[in-house]
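The values are calculated or read from the model by the stated rules, or taken from the named source; none is laboratory data. Since the structure is predicted, the reported quantities are computational estimates derived from the model, not experimental observations. Here the Cβ positions follow ideal geometry from the backbone for every residue, glycine too, while neighbour counts run over all protein chains shown. For accessibility, only protein heavy atoms count, side chains too; no ligands or nucleic acids. Shrake-Rupley method; radii C 1.70, N 1.55, O 1.52, S 1.80 Å.
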Amino acid sequence: MMPDLLYKMAFASVRGMGVDLAQKILDVLGDEKEFFAISEKELRLITKSKSKILERAYRNSCLEKAEKEIEFVNSHHIKVSYFTESDYPQRLLNTTDAPILLYSVGNTDFNKKHIVSIVGTRKCTEYGRRMCEKLVKELSEAIPDVITVSGLAFGIDIAAHNASLKNNCETIAVQACGLNKIYPAENRDAAEKIVNSGGSIITEYTSQDVLHKGNFVARNRIIAGLSDCTIVVESAEKGGSLITANIAQSYNRDVFAVPGRTSDEQSKGCNQLIQRNQAMLITCANDIVEALRWESKIANKPTQQLDLFPSLTEEEQEIVNIIKQAGDIHINTITEKLHIPVYRVMSTLMQLDFKGIIISMPGCRYAMA
């Protein structure tokens, strides 16, 4: 088994080796070992290629790299999923540019029935974080076996992972580097919790690969390809999450986007996706469940909806009007405008937050929900 794994790992490290090319070579040669054993002249005759990847020296360097990596894999109990094996994510095989081998830690079944990817900006707002938490909570209640996928980055990614952990939902973090480190390092604790709770950290990169910004774009195709759909919670007009959404669309996967105010920078990307019919507008998990025609475990439970026109006291209405006009506002500014004691303003704000009309934000600031 060990020599077999060695040749598969070496084969996967060949530059530009995707599923289609790998399958064509294996159809001719029979197995990975033969790719490294056969002479350069014979290999060129068989493949009718002039590529440098067929040179003996290059193939030997791939074997040397694999010999080093197999020690790391064995000593750290890393799982290796090869594209011809049943534990490889089958959804990825339906894409055009899947890696032929993946490294992972954890016990996730990558072929479970319900998997969703959740992505968004690193500079998420309180609104985006709350919407992310709401969607994950509702999804886990409606589809108890749902698995979430994200990129372990700051912002929406880590919010999705943390919300999944909070709601006992398996989650997969796709890294843009090898499993010898966690990037960003600040999310190491979350990564440990993901694995310990039954989720996984997964990557196509070895411990010897150098991290560079191109890895993140490549990583996005795995996030999109692992799942049935991609949900964009918040995004500026440009960003990695929009790239992920476009990749998902190219894979004929459903794309969903959470709308935001037109004045909010971090909602412009989502609004643009919706406007261009590149994503379906969603406001709750039920929108996703219905679009994918999944069977909700709470299908017969009455849907609890926010009262769009709750009865407000005169003071509550005044505060709502001020917050609407300002967009988001500090409690001291509200107090100054109303000329009433701060304790009364605080009490009223708490009531409005409880009713779901406003949201509290860091720094004693408030905005409409």
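Legend: calculated FRET efficiency, ASN286 to ARG344, from the Cβ-Cβ distance at R0 = 35 Å, rounded to 0.05, equals 0.40. For the chain, the longest principal axis of the Cα atoms and the long axis of helix 342-354 meet at an angle of about 50 degrees. Label-to-label distance for ASN321 and LEU21 is 6.7 nm, based on points extended 7 Å past Cα in the beta-carbon direction. Extension gain for the segment GLU67 to LYS355, taken as residue separation times 0.36 nm less the Cα-Cα distance, is 97.6 nm to one decimal. Ordering 208-220, 191-203, 276-288 by mean Cβ neighbour count within 10 Å, with the highest value first, yields 191-203, 276-288, 208-220. Computed over protein heavy atoms with a 1.4 Å probe, the carbon and sulfur contribution to the accessible area of the stretch 52-185 reaches 50%. Diagonalising the gyration tensor over the Cα atoms of the stretch 76-227 and scaling each eigenvalue by 5 before taking the square root yields semi-axes of 22, 18, 14 Å, largest first. Over 18 Å apart at the Cα level, from the set LYS268/LYS355; LYS8/LYS79; LYS113/LYS193; LYS123/LYS238; LYS324/LYS355; LYS33/LYS65, are LYS268/LYS355; LYS113/LYS193.
For the stretch 149-307, report the % of Cα-Cα distances exceeding 26 Å. Everything past 26 Å amounts to 31 percent.
If the segment from ILE46 to ASP97 were pulled out straight at 0.36 nm per residue, it would be longer than the present Cα-Cα gap by 16.0 nm. Quarter the surface of the alpha carbon convex hull of the chain and you get the mean projected area, 21.0 square nanometres. Compute the helix-to-body angle for 314-326: its Cα long axis versus the longest principal axis of the chain, expressed 0 to 90° and rounded to tens. It works out to around 40 degrees. Only beta bridges with both residues in the chain are counted; by DSSP, about 45 percent of them are antiparallel.
Could you check how much of the accessible area of the stretch 214-361 is carbon and sulfur, as a whole percent, using a 1.4 Å probe? Using a 1.4 Å probe with all protein chains present, the stretch 214-361 comes out at 49 percent carbon and sulfur.
Classify the stretch 103-184 as rounded, prolate or oblate, taking a ≥ b ≥ c as the square roots of the eigenvalues of its Cα gyration tensor: rounded when a/c is under 1.5, otherwise prolate if a/b is larger than b/c and oblate if not. Cα axes put the stretch 103-184 in the oblate bin. A 1.4 Å probe run over the protein chains yields, for the chain, 51 Å² of accessible area per residue, whole-number rounding. Against the main long axis of the alpha-carbon atoms of the chain, helix 56-75 sits at an angle near 50°. Each distinct pair of alpha carbons in the stretch 1-148 adds a 1/r term; the inverse of their mean, the Kirkwood radius, is 18.0 Å.
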